[in-house]
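Everything on this sheet refers to the single structure shown next.
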Amino acid sequence: MAISSLGLGSGVLTMDVLDQLKAADEAARINPLERQLLTIQDKQAEFNVLDATMTNLFDSIWELKSPTLYDGRSTSVSGTSVEVTASANSDIQSFTLNVLSLATTQIEQSGSFTSATTAGLVATAAGSMNLNVNGTDYTINYDQTMTLDDIKAEINNVAGADVNATVVQVASGDFRLFLNSVNTGTTQDITITDTTGNLAGTQLTTGMTAVQTGSDAQFEFNGQLVTRTSNNVTDLITGYDITLKEVGSSTVDVTQNRDEIMMRIDSFVEKYNSAMTYLNKVTKNSIESDERGLFSSDSTIRNMQNAIRNAMDTIGGGVSNLYEYGFDIDKDGKLTVDKTVLNDKLDTNAGNVEVFFSGGNYDNGDGTTTAIDGAFTELYNVVETYTGLGKSLDNLKTSISDSISSLEERKATAIERLNNKYDTMAQQWGAYDSLIARFTSSANAFIMMVNAQSASSSN
C-alpha cells in the first residue's frame, strides 16, 4: 500500500528509502530467478529446434529403410511400336518386342435404309431379334414405330459392353447401321437373328456384311512368336503393362527407379549434416559463456550425438559398411555420398544394395546368404532410442517444461511475498512517521514555551 505522505513527519522514513530497500531485495531474490528462467526458456527454444531437426533426420532414415523405396521401376523404350509400364517390384530386364500385326475389332455393316429417322423401315410389327457378340446373346426388342436411329440406341443401351452401334449416311438416301466390337481378336464375331420374323427386310440379318474382320495381335518377344487377342498385353510378364501401338520393333529396358532412391539419399545426407551441425552447436564446450552451447553439459544430447556418429561407422550387419557404398564423413564431420560408387553397386547387384540398406538375406556371392537388419534399419533403431515416443528427448522436453513451470511459480511466490513485506513496512513506517511527527510537534511546543518563559524572565 503506497503512502504518499510517508516521511513528512520524520524526514527519514521516506518512500524513496523504501523503494531502494525493495529494489535491493528484488536484486537478491527475484533477479536470480528471472535470470534462471531466461536461461531455461532459451534452452527450451533451442531444444524445439533440435527436436525438429532430429525428427527430420528420423523421417529421412525411415524412407531409406523402407523396402518399397527400392521396388520402383522405370521403363525406357527405344522405338515407337510399343508402350511399356512396369509395376513396383517387377522383374528388371531388357528385351525386344517386334510387332508383326495389331489386333483389330470386328466391324459389320447392315444393308441400305433410305432414312435413319423414318418409322416403319425397320419393322412391321412388335418383336425381337437376337444379337450375338463373341458368343454372348443380347435380346433387342423392336416395333413398327422404331427408326434406324432408335434401333442403334437400343443396341447401345442393351449390348454396349460388347458392341458400339452407329448410323452412317454412306450416300444420299443410303443409311447403314455399323456394329463395331468393343474388344479385338478373331473371336469377336457379330451376328443378328430375327427371333419373331417382324423385321421389314433382311438388312439387319443376312444383309449384314463384314467391313473388317477381327484379328489377333502377333508380335515377337525376344524372337519368340506370341499371339494375343488384344493390343493391351498384361499377361506376358508379371507386373508389365504392354500396349502394342504399330508394326515395328522396339527395345525395352526395365530398370530400378534410381531417381527416387537418389533423391532420398540426398535428403538423408542433408538432414544428417543439419542434425550433426546443430548438435555440435548446442553441445559446444567453451570457457566463454556466450560461445558455450546450452546443452554442453547435458549427457542425453551428448550421448545421442556420439551414438549416431558411432553408428555411421559400425552399421552394416557385419557384411559391409556404408563407406563401401560411396558414403564418407570428412574430418569436420560432414557426410557426403559418391553416387558413381553407389550406382556401380546398384549396377552390380541391386538386390544386395536393397538388402544392405533395408534388411533381408544378403547374397555373399558364394552360394550362401546372411540375414541382416539393414544399415538404415540399424541407424533408425539407434535414433529411435532417443527420439521415439516417451524416450530420452521426450523426457528432456518434459524436464525443461517442468523447470520453467517451477521457476515461474517460485518467481510469482517471491514477488507476492516481497510485495506483502513492503506493503506491511510502508504501513509500519507510516505509523512510526506519524508518531515521530507528534513527538516533534510536542517538542517544538515545549521549546517555544521555554523560550517564551526565558524571554519574560530577562525582562
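The values are calculated or read from the model by the stated rules, or taken from the named source; none is laboratory data. Not measured: the values here are computed from a predicted model. All Cβ positions, even for glycine, are placed from backbone atoms using ideal geometry, and neighbour counts span all protein chains on display. Quick note on the areas: whole protein, heavy atoms, side chains included, nothing else; ligands and nucleic acids left out. Shrake-Rupley method; radii C 1.70, N 1.55, O 1.52, S 1.80 Å.
Please give the number of the condition ILE151 fails out of (1) surrounded by 16 or more Cβ atoms within 10 Å (Cβ to Cβ); (2) among the hydrophobic types (A, V, I, L, M, F, W, C); (3) assigned to a strand (DSSP E or B).
Condition not satisfied by ILE151: (3).
Of the residues ASP373, ASP332, only one is open to solvent by 50 Å² or more (accessible area, probe 1.4 Å) and under 17 Å from LYS65 (Cβ atoms); which?
ASP373
Six or more apart or on different chains, Cβ atoms under 6 Å: show the pairs whose first residue is in the range 173-185 and crowded, with 22+ Cβ neighbours inside 10 Å and whose second is acidic (Asp, Glu).
Filtered contacts from the range 173-185: LEU179/GLU108.
Filter the range 396-421 down to residues that are in contact (Cβ under 8 Å) with a residue 60 or more places away in the chain and either open to solvent by 70 Å² or more (accessible area, probe 1.4 Å) or over 23 Å from GLN36 (Cβ atoms) (or both), then give me how many there are.
Qualifying residue count for the region: 4.
If ASN459 meets every condition in (1) modelled with pLDDT under 80; (2) surrounded by 10 or more Cβ atoms within 10 Å (Cβ to Cβ) apart from one, which number is that one?
All conditions pass for ASN459, except number (2).
Given the criteria farther than 19 Å from PHE58 by Cβ, in contact (Cβ under 8 Å) with a residue 24 or more places away in the chain and aliphatic (A, V, I, L, M), does LEU335 qualify? Before you say what the answer is, go through the steps one by one.
On the way: farther than 19 Å from PHE58 by Cβ: no; in contact (Cβ under 8 Å) with a residue 24 or more places away in the chain: yes; aliphatic (A, V, I, L, M): yes.
No; evaluated as a whole, the condition is false for this residue.
For the range 283-317, name all the residues that are among the β-branched types (Val, Ile, Thr) and touching a Lys or Arg at 6+ places or on another chain (Cβ under 9 Å).
THR283
What is the one condition in (1) open to solvent by 30 Å² or more (accessible area, probe 1.4 Å); (2) without any contact (Cβ under 8 Å) to a residue 40 or more places away in the chain; (3) farther than 30 Å from ASP216 by Cβ that THR136 does not satisfy?
Among (1) open to solvent by 30 Å² or more (accessible area, probe 1.4 Å); (2) without any contact (Cβ under 8 Å) to a residue 40 or more places away in the chain; (3) farther than 30 Å from ASP216 by Cβ, the lone unmet condition for THR136 is (3).
If a residue must be in a helix (DSSP H, G or I) and under 26 Å from the mean Cα position of the chain (by Cα), how many such residues does the range 344-374 contain?
Qualifying residue count for the region: 9.
Give me the pairs: first residue in the range 241-264 and on the phi > 0 side of the Ramachandran plot, second residue part of a loop (DSSP other than H, G, I, E, B), beta-carbon distance under 8 Å, and six or more apart or on different chains, which are they?
GLY248/GLY79; GLY248/THR80; GLY248/SER81
Of the residues ASN164, ASN156, ASN141, only one is open to solvent by less than 70 Å² (accessible area, probe 1.4 Å) and either modelled with pLDDT of 95 or more or over 28 Å from LEU102 (Cα atoms) (or both); which?
After ruling out the rest, the residue left standing is ASN156.
Go through the range 277-325 and report how many residues are acidic (Asp, Glu) and in a loop (DSSP other than H, G, I, E, B).
4
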